[in-house]
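Report on one structure; see the data block that follows.
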Amino acid sequence: MHKTELQPAVLQPIDLREKRPNQKLRFAAQMFSAIINIWIGVQFYLFVNFLENGGQGWEVSRPPGVEGWLPIGALVSLLHFLYSGVINNIHPAGMIIFVVILLSALFFKKGFCSWVCPVGFISEILGDIADRLFGRRIKPPAWLDYFLRSLKYVILAFFLWAVVYQMDAASIEQFLYTDYNKVTDILMLRFFTDITMFSLSVISLLFIFSLIVRGFWCRYLCPYGALLGLISFLSPTRIVRNEKNCIDCSSCATVCPSFIKVDKVKQVVSDECTGCMACVDVCPVNDTLKLTIVGKKNRVSSLKWAAVLVLFFWGSLFAAKLWGPWENSISNEEYIRQMPTVTGGQFVHP
Ligand code: SF4
Ligand code: SF4
């Protein structure tokens with residue numbers, strides 16, 4: 001069939017989730033992740049309440065999954081493991097979650113960002129609201145976009161410098177068993193429950209910026225995303241465009257939440273690609289935009305790819321919960337002893 005015989009698919013980005021089965025699956029996966037995280041948040045809140053009441057009243061156990069929100073502590077734990085071969089018993093789940101996320105990028109690019117991460121999900125919802133409000137997506141001029149995109153790498157470099165470069169094996173070991181590290185999860189909760197006007201203003205600004213530029217936090221500021229983007233270059237999977245079949249409808253570029261010019265490249269090689277598969281979904285011509293493995297010509301089903309990613313992530317955590325190091329070794333009595341230092345403001349979450 002000649003190129004001009006095909007009509008380009010006129011799909012608005014906002015219609016994607018409703019019309020494409022892959023995007024429906026993605027929404028379900030993101031909802032699942034959001035529900036798990038809300039559950040963890042509520043359980044952890046009740047646990048801290050129990051501690052604040054001196055262990056009186058309704059006893060709620062601590063959900064170890066809360067450590068997934070402590071990536072810097074997880075990086076320190078991972079370094080400790082690499083130095084000593086020992087998984088620390090203060091925040092073991094945090095390290096497991098961190099490693100599983102890094103491994104996921106090795107095989108599934110930044111798929112974690114668009115299929116699992118609850119922050120990415122919130123960011124996407126804000127982007128969808130902005131799509132409805134403005135009817136088009138706003139992208140800063142190229143020079144500003146490049147500058148802003150570099151910020152997340154600067155933040156990542158700072159954390160790597162502070163942890164990997166500045167801390168030796170002895171100081172890492174010492175830090176892990178400090179009273180401060182034992183209660184960082186509680187400090188994080190109090191950051192939100194006792195939020196300052198300054199923090200609230202910063203978070204509000206991020207919400208507003210996310211309405212103006214889709215995925216503002218993820219694209220410009222998230223050091224986790226920066227790290228996954230770098231690792232994703234090692235992934236053997238690629239989205240490849242068959243130039244002979246392509247009718248230049250640019251639907252793929254229009255729907256791409258990462259502003260990648262999918263319609264202009266032979267294959268997507270970008271640290272910004274989150275593997276959302278929106279471009280693959282929207283392409284109107286069979287076998288034109290497909291997911292492949294480097295060196296192989298055959299298409300990889302994007303649906304199966306995504307299903308394996310989600311199963312890999314949650315399956316690994318479930319296996320760690322059942323058989324691996326997951327629960328920490330801090331007793332409720334020790335937590336209760338530490339509470340005056342937390343409520344007294346001796347430690348502050350940075
Ligand atoms: S290139 Fe495709 S898979 Fe990657 S972010 Fe853009 S739309 Fe999603
Ligand atoms: S690859 Fe992109 S531009 Fe080409 S036909 Fe598919 S959606 Fe249209």
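The values are calculated or read from the model by the stated rules, or taken from the named source; none is laboratory data. Just so we're clear, the structure is a prediction, and the values are computed from it rather than from any experiment. With ideal geometry, Cβ positions are generated from the backbone for all residues, glycine too; neighbour counts draw on all protein chains shown. Side chains are part of the model used for accessible areas, which takes the heavy atoms of the whole protein and leaves out ligands, DNA and RNA. Shrake-Rupley method; radii C 1.70, N 1.55, O 1.52, S 1.80 Å.
Just to verify a result, which residue in segment 189-225, among those that are aliphatic (A, V, I, L, M) and open to solvent by 70 Å² or more (accessible area, probe 1.4 Å), is farthest from Lys109 (Cα to Cα)?
Only one residue fits best here, namely Met197.
Could you grab me the full set of residues in segment 244-274 that are closer than 21 Å to Phe27 by Cβ, outside any loop (DSSP other than H, G, I, E, B) and more than 7 Å from ligand 2 (Cβ to nearest atom)?
Matches in segment 244-274: Thr254, Val255.
Please work out which residue is nearest to ligand 1 (Cβ to nearest atom), limiting yourself to segment 275-310 and to residues that are assigned to a strand (DSSP E or B) and open to solvent by 20 Å² or more (accessible area, probe 1.4 Å).
Lys290
Looking only at segment 94-123, which residues are open to solvent by 20 Å² or more (accessible area, probe 1.4 Å), in a helix (DSSP H, G or I) and touching a Cys at 6+ places or on another chain (Cβ under 9 Å)?
If the condition is that a residue be open to solvent by 20 Å² or more (accessible area, probe 1.4 Å), in a helix (DSSP H, G or I) and touching a Cys at 6+ places or on another chain (Cβ under 9 Å), then Cys113, Val119 are the ones that fit.
Restricting attention to helices (runs of 4 or more DSSP H) lying wholly within segment 183-243, give those where 2 or more residues are within 14 Å of the chain's Cα centre (by Cα).
223-232
Kindly provide the set of residues from segment 231-270 that are within 26 Å of Val99 (Cα to Cα), without any contact (Cβ under 8 Å) to a residue 60 or more places away in the chain and either buried (at least 21 other Cβ atoms within 10 Å of the Cβ) or more than 9 Å from ligand 1 (Cβ to nearest atom) (or both), ordered by number.
Those that are within 26 Å of Val99 (Cα to Cα), without any contact (Cβ under 8 Å) to a residue 60 or more places away in the chain and either buried (at least 21 other Cβ atoms within 10 Å of the Cβ) or more than 9 Å from ligand 1 (Cβ to nearest atom) (or both): Phe233, Arg238, Ile239, Ser258, Val268, Val269.
Could you give every pair whose Cβ atoms fall below 7 Å, whose first residue belongs to segment 69-83 and is outside any helix (DSSP H, G or I), and whose second residue is open to solvent by less than 40 Å² (accessible area, probe 1.4 Å) and not acidic (Asp, Glu), counting only separations of at least 6 or pairs across chains?
If the second residue must be open to solvent by less than 40 Å² (accessible area, probe 1.4 Å) and not acidic (Asp, Glu), the pairs left are Leu70/His91; Leu70/Gly94; Leu70/Thr184; Leu70/Met188.
Looking for whichever is in contact with a Lys or Arg (Cβ under 6 Å, 6 or more places away or on another chain), of a type in the set (Gly, Ala, Ser) and within 20 Å of Ser302 (Cα to Cα) here; the options are Ala226, Ala253. Which one fits?
After ruling out the rest, the residue left standing is Ala253.
Going by the conditions given, is Phe147 aromatic (Phe, Trp, Tyr), buried (at least 16 other Cβ atoms within 10 Å of the Cβ) and in a helix (DSSP H, G or I)?
The answer is no for Phe147.
So Leu228 clears everything in (1) within 15 Å of ligand 1 (Cβ to nearest atom); (2) open to solvent by 30 Å² or more (accessible area, probe 1.4 Å) except one condition, right? Which one?
For Leu228, the exception is condition (2).
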